[in-house]
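As structure tokens, the structure follows; a few thoughts come after it.
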Amino acid sequence: MYQRRPLYLQPVDKDGNYPWMESVGDSACSEPTSSRTTASQGPKIRQAIEPMVVDDGKPIAGCKRRKQATDPMTIEDDKTIGSSKRNSPDRGYSGYTQCVIRDMPPVRVLSLEHVAAVLKDINIEDILTSQAQAFHAYSANETQTPQRSALETPYHKTLIMPSRIDTLTSTVKIVSVPKTDSKDGLPGVAIVFDNKTGEPRGLVNARLLTAVRTAAGSALATRVIFDTINEKKDRKALSLVVFGSGAQAKAHIQLLTHILPDQISRIVICNRTLPRARDLVQELSPECSAKSIDISAFSITTGESTASATGSGSPQAKLKEIVQSAHIICTCTNTTEPLFSGEWVQPGTHFNMVGSYTPLMHEVDQDLIARAWTLVDAKKECEHEAGEFILAKKLTGQNGVLAELGEIFAEDGKFKQDALPKEFSQLEKERGNNQDKKDVTIFKSVGIAAQDVAITALVLDKAEAMGLGSVVDI
């Protein structure tokens, strides 16, 4: 058996010989050049081809080994590469130029632990900048996002989502959305391709990345709103209320406390059941304590709370008090019914809504939608997927959507102040009876695939720089 080398393909000469066997010599294989194969030997060789098998006796798809002992190209891993068979004169090589068929380069595989290590080390501002650039690329029509495919099972919905940012790279993300709540993020993987060759260069566990890229969009929008409205910018005791206790809730808390340092002083995690919310409070308590933030959990159904001081009354009355005291509310849970009454919301409150993504889902009621100026990640997608805004358009002919996030960010990820609609800085300071008056702001996200391209490529590049991951041949 001979050591495997690059395979050179060239037409036969006028005498039916394969002159490349002599011309390349050892560059192709370590066999004597006197062993020449001619076109006349072709039929015998073809008849002698049999499936190549491994130790368990099973044939390897696409692999052939020749039994004829005189075949000069019989080597240990002899395979059919692409559509070309080695030394098979009936393949019609006429017109081919000399070429090299090679294996693909190694692929870096990042496990959940590798991704977590990268996210722990990475600069959050790098995440925000890469996401701002992704939003810009989407709004500037510099992305490709074919229709996603879906597989339904009784337990989850599997989504296959290809996407490309023309100036960056292409990815295919495969994620399963459980039909029950999941606190650990959505199970999935993403394949990252080389932008020039199209070869896969990375396989990345995407469980944590969906939550991080979604929260990054909310953080960008929240920073824009708070930098635009001076009254909010100067506040030092903001209350953040988060509905949900999974990976999305965690990522939102971490990124919002980053973009509003020394401003958020209180966080309440609202969940249907207390144990899940309490677990997240315990996980985040060390970093919240370091930032002098009081964090507690609240059960919507029972009214139980981990806060040292709780109000009296029914669970609904306690929830009303929590909502009324909020300056920022993040809805990070799937629901088909509004989580609370819009009447409870105080003027000036900002919302990040990321939980609903189908026409039948509603995180907030129509009273709140009517009071809000709204920024979205993708206008077209929100018009077809965001239940609250679909209903508002049907009922009133408008939904308050003013701009896409990508329209107010430049190619380098910088915020363009002059591109932000002036309405966001002209909110009513008091609640009025006129429904045309706008006194709250909303960022609505259904998620765009360009975000996955940006976060996955960023994490893969960082992992390569850190030397993380398993590099494997495929």
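General observations
- Near the amide H of Ile264, within less than 5 Å, lie the amide hydrogens of Leu238, all on another chain or at least 5 residues away, with H placed in the peptide plane.
- Taking every C-alpha pair closer than 8 Å and separated by at least 6 residues, the mean separation divided by the residue count of the stretch 211-448 gives a relative contact order of 19 percent.
- Residue order, fewest to most surrounding Cβ atoms within 10 angstrom, among His258, His136: His258, His136
- All-pairs Cα distance distribution in the stretch 279-364, expressed in whole percent, bin size 5 Å: 3, 12, 19, 23, 23, 14, 5, 1, 0
- For the stretch 95-178: span of alpha carbons on each principal axis (Å, largest first): 51, 40, 34
- J(HN,Hα) series, the stretch 363-377, from Karplus relation 6.51 cos²θ - 1.76 cosθ + 1.60, nearest Hz, glycine and proline x: 8, 10, 8, 6, 4, 6, 4, 5, 8, 10, 8, 10, 10, 10, 7
- Cβ-Cβ distance of Gln346 and Ala465, R₀ of 51 Å, FRET efficiency by 1/(1 + (r/R0)^6): the value works out to about 0.65.
- Contact order, relative form, for the stretch 301-438: 19 percent (alpha carbon pairs under 8 Å, 6 or more residues apart, mean separation divided by residue count).
- Antiparallel content of DSSP bridges confined to the stretch 211-448, in %, to 5: 5
- Working note: Karplus 6.51/-1.76/1.60 with θ = phi - 60° gives the stretch 199-208 the couplings 7, x, 10, x, 10, 10, 5, 9, 4, 7 Hz, where Gly and Pro are set to x.
- Computed magnitude of the charge dipole of the stretch 350-474 (debye, nearest 20; Cβ of K, R +1, Cβ of D, E -1): 480
- Simple spin-label estimate for Leu395 and Ala150 gives 2.4 nm between the two label positions (7 Å along the Cα-to-Cβ direction from each Cα).
- Alpha carbon centroid spacing (whole Å) that separates the stretch 282-323 from the stretch 327-353: 16
- Of the GluC sites (Glu not before Pro) found in the stretch 323-423, those that fall in a DSSP loop while having at most 16 other beta-carbon atoms within 10 Å are Glu411.
- Sequence of Tyr138, Tyr155, Tyr357 once ranked by neighbouring C-beta atoms within 10 Å, starting from the fewest: Tyr155, Tyr357, Tyr138
- Global size of the stretch 211-448: 16.7, 51 Å for Rg and Dmax (C-alpha atoms, Rg to one decimal, Dmax whole).
- Once both labels are positioned 7 Å from their Cα atoms along Cα-to-Cβ, the gap between Glu411 and Gln324 label points is 5.2 nm.
- Length gained when the stretch Lys157-Glu383 is fully extended (0.36 nm per residue, less Cα-Cα span): 79.2 nm
- Residue (of Leu280, Ala370, Pro421) at the positive-pole extreme of the stretch 211-448, dipole from beta-carbon charges: Leu280
- Normalised per residue, the volume of the convex hull around the Cα set of the stretch 340-443 (Å³): 103
- Taking 27 Å as the limit for the C-alpha separation, the pairs Lys120/Lys422; Lys236/Lys438; Lys320/Lys422; Lys236/Lys318 exceed it in the case of Lys120/Lys422; Lys320/Lys422.
FYI, it's all coordinate maths here, none of it is from the lab. Just so it is clear, the structure is predicted and the values come from calculations on it, not from any experiment. Neighbour counts are summed over all protein chains in view; Cβ atoms, including those assigned to glycine, are modelled from backbone coordinates with ideal geometry.
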